[in-house]
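Here is the structure we will look at, set down as structure tokens.
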Amino acid sequence: MIGTIGSRLVVSMLSLGLDGFMKVSIDPRVFTGAELDLWTMVNGHVLNYGALPVPETVVAEFGELPDAPEVTEYYLEKVRSRYVHQSVKKAILEADKHLHAMDAEKAKSVLFDVLLELNLAQNKGKLVNFTEEARDLVIREYKAKITQGDNYGIQTPWGSLNALMGGLVGGDLLVIAGRPSSGKSYMSMAICEHVWNVQKKVPLFISMEMKPLLILQRAAALHTHTPITLLRTGALSSKGYEAFRYKMEHIENKHPWWVVDRALAPTVRDISLLVRQLHPDVVVVDGAYLLTHTETRVSNWEKVKGVVEDLKEHIAEGLNLPVIANYQLSREAVKKKAKEVAGLEDLAYSDAIAQIASIVLGLVDQETIETLVRKRVQIMKGRSGETGEFWINWIFDILGPKGYMDFSECSGESNMAYL
């Protein structure tokens, strides 16, 4: 096959795997000739079988494929630019004919139509035509869920939550809210460890509050089920230390788990650049309320509103990537009486957090003897209005039923309501 920019784009998308392929939002009109045939074959394979075709299958039909050494975004930008150039050039030539025929209204209509078409192509995924696109989009998503099963999207260590949300996907913003030191960071890290260790996917953990070493200590304790206090203070027994060292030296996962200091990503724009460089499967922002907004001369409320809007628009939707962000609850949330339930209105700083988030989890209980060994997680908002709660083990330095550093779900303790 001739190494056109469009064919190189398809080859590059094949190298992303099914998850990566599904994340690329593309209008088939950007392809021409044999490129379109190649795209149709690959996309049809995903629709029919829920998997990408192996290279041998593609080569058998189209011949030797071109090399695609650049990142997918490079080829995507090139084919879109080519499409714009060709469409505008064609429209100008057609409009010119109408102008020579003294039909200015027809010329204006031609130019208006091409601008509308280009806008639709540029905003692919945001504005769709049910008649033309529902079949492909819905079936592709359904096949992916059937094929990937428990590995679909980004899952958590908690089965009740996974059953509720069906996996986090591109465009999702999951907010974990709680008072300071309530466990937001540990919950986020437990998700990262599950994504990295069980799903074999790549998390990017950005902390606005902790230095990388503290995060690495927590991650190592989580992965090896080592008491975090003994690890942090150098108080492990000789046997405990040898067991920890052995587990760390025999990590089987070859894919990364990126940990980033706030100095490297103080704004959403910096996060966007990191994502393009590191290609994670999920982005976690611990202490998202501390992200800096580009507009500095605004109130704290407006800053937080602008940041959460940018996380949703430029990372979750713009890069088609699930985002998990930690925010704080107000003091009033934990002062409510036993029969009162904390609500979205108790999120601190801005109402926009609750409005923009896809899912909101709350750590709302006051500290008691019971919360030293397990925690109640309140589902304050689901994608379709679901509410409920589930309980997770909260084991650090004491030996729990599943060992140390155990944040698994307590069996038989979920209570979900589907509205």
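The values are calculated or read from the model by the stated rules, or taken from the named source; none is laboratory data. Note that the structure is predicted; figures quoted are calculated from it, not measured. No Cβ is skipped: glycine too gets one built from the backbone with ideal geometry, and neighbour counts run over all protein chains shown. Calculation scope for accessible area: heavy atoms of the full protein, side chains included, ligands and nucleic acids excluded. Shrake-Rupley method; radii C 1.70, N 1.55, O 1.52, S 1.80 Å.
Brief remarks follow.
- Debye log10 I(q)/I(0) at q = 0.07, 0.09 Å⁻¹ for the chain, Cα point scatterers: -0.42, -0.66
- Residue-by-residue Karplus 3J(HN,Hα) for segment 231-242, coefficients 6.51, -1.76, 1.60, Hz, glycine and proline x: 5, 5, 9, x, 10, 5, 5, 4, 5, x, 5, 5
- Estimated vicinal HN-Hα couplings, Hz - segment 386-393 in sequence order (Karplus 6.51, -1.76, 1.60; Gly, Pro = x): 5, 9, x, 7, 8, 10, 10, 5
- The calculated FRET efficiency for the pair residue 70 and residue 233, based on their C-beta separation and a Förster distance of 51 Å, comes to about 0.60.
- Using θ = phi - 60° and Karplus 6.51 cos²θ - 1.76 cosθ + 1.60, couplings along segment 26-36 (whole Hz; Gly, Pro as x): 9, 9, x, 5, 6, 8, 9, x, 5, 4, 5
- Built amide H within the under 5 Å cut-off of residue 374, gap 5+: 394
- The H on the amide N of residue 325, modeled in the peptide plane, is under 5 Å from the matching H of 174, 175, 176, 285, each at least 5 residues off or on a different chain.
- Taking amide hydrogens as placed 1.01 Å from N in the peptide plane, the amide H of residue 381 sits under 5 Å from those of 360, each at least 5 positions away in sequence or on another chain.
- When the chain is described by a simple charge dipole with +1 on each Lys and Arg Cβ and -1 on each Asp and Glu Cβ, the residue from 228, 355, 165 located farthest towards its positive end is 228.
- Local charge for residue 62 was computed over the other residues whose Cβ lies under 11 Å away, with Lys and Arg +1 and Asp and Glu -1, and equals -4.
- Potential lengthening of the chain between residue 298 and residue 373 amounts to 22.8 nm, from the contour at 0.36 nm per residue minus the alpha-carbon distance.
- Linear extension gain, residue 290 paired with residue 332, 0.36 nm per residue minus alpha-carbon span: 13.0 nm
- Share, in percent, of DSSP beta bridges within the chain that are antiparallel, nearest 5: 45 percent
- Sites listed here are trypsin sites (Lys or Arg not before Pro) in segment 292-328 whose DSSP assignment is loop and whose Cβ has at most 14 other Cβ atoms within 10 Å: 297.
- For the chain, the fraction of 1.4 Å probe accessible surface lying on carbon and sulfur atoms is 56 percent.
- Computed FRET value (nearest 0.05) for residue 383 with residue 198, which takes r as the C-beta separation and R₀ as 25 Å: 0.65
- The chain, relative contact order in percent, only Cα pairs under 8 angstrom and at least six apart counted: 16 percent
- Inter-site label distance for residue 60 and residue 102 at 7 Å from Cα along Cβ, in nm: 6.4 nm
- Highest-MSF residue in the chain out of 30, 110, 283 [GNM, Cα springs under 10 Å]: 110
- Computed [θ] at 222 nm, deg cm²/dmol, the chain (DSSP H ≥ 4; -39,500 (n - 2.57); rounded to nearest 500): -14000 deg cm²/dmol
- Each label point was placed 7 Å from the Cα along the Cα-to-Cβ direction; for residue 366 and residue 132 their separation is 6.0 nm.
- Å³ per residue enclosed by the Cα convex hull of segment 229-317: 129 Å³
- Gaussian network model of the chain, springs between alpha carbon atoms under 10 Å - residue of 240, 183, 388 with greatest fluctuation: 240
- Accessible surface calculations at 1.4 Å, restricted to protein heavy atoms, place segment 194-344 at 52 Å² per residue.
- Residue 252-residue 345 pseudo-label distance in nm [points 7 Å out on the Cα-to-Cβ vector]: 5.1 nm
- Cα-based Kirkwood hydrodynamic radius, segment 40-95, one decimal, Å: 14.0 Å
- Computed extension length for residue 112-residue 217: 32.0 nm, one decimal, from 0.36 nm per residue of separation with the Cα-Cα distance subtracted.
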